[in-house]
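Derivation of every value follows stated rules applied to the coordinates shown; laboratory data play no part. What you see is a predicted model, and the numbers here were worked out from it, not measured in a lab. Cβ atoms come from the backbone with ideal geometry, glycine included; neighbour counts cover every protein chain shown.
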Amino acid sequence: MTRAVLMYNLDSEKGRKIKMICLKMKLRIIMVSSGQYLEPIGSLAGVSGIEPAGTVYEGNGFGDEMLVFKGFDNGTLDRFLRELKASGAGKVSLKAILTPDNVVWSSLELYEELKKEHEALNS
């Protein structure tokens, strides 16, 4: 499985630093736009067998930064997080690994789930 990072709302200096980490680690970079928020995450990540919904999202979406990791094992994730910290890019609070459960979720569904988890952990 090709390793990739789906990036949301990271068209910034922080996003540039994250892209540099991805290039250094030979990770595929996938910039997700708000119009793609209804597509299954697996489709955006290029997972075979996950078909695109073909629906363009026209709502307000979300403004929080989010990263989704495809094909990462524990070592790769640990290295990425170390590189992120060392880069001085700053924190991205909403992060997820692509799983058999969330591969069919839309970006909006994953965002809502991560937001709930983040709030529960930080309350």
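Ranked by how many other Cβ atoms sit within 10 Å of their own Cβ, fewest first, the residues Ile21, Ile29, Ile41 fall in the order Ile29, Ile21, Ile41.
Between Leu23 and Lys115, the simple label model (points 7 Å from Cα in the Cβ direction) yields a spacing of 3.3 nm.
From helices alone, the chain scores -11500 deg cm²/dmol at 222 nm; the rule is -39500 (n - 2.57) for each run of n ≥ 4 DSSP H residues, then divide by the residue total. The length gained on full extension between Arg16 and Glu51, counted as 0.36 nm times the residue separation minus their Cα-Cα distance, comes to 9.7 nm.
Computing volume of the Cα convex hull per residue in Å³ for the structure here picks out one of [x] 107; [y] 171; [z] 135, namely [x].
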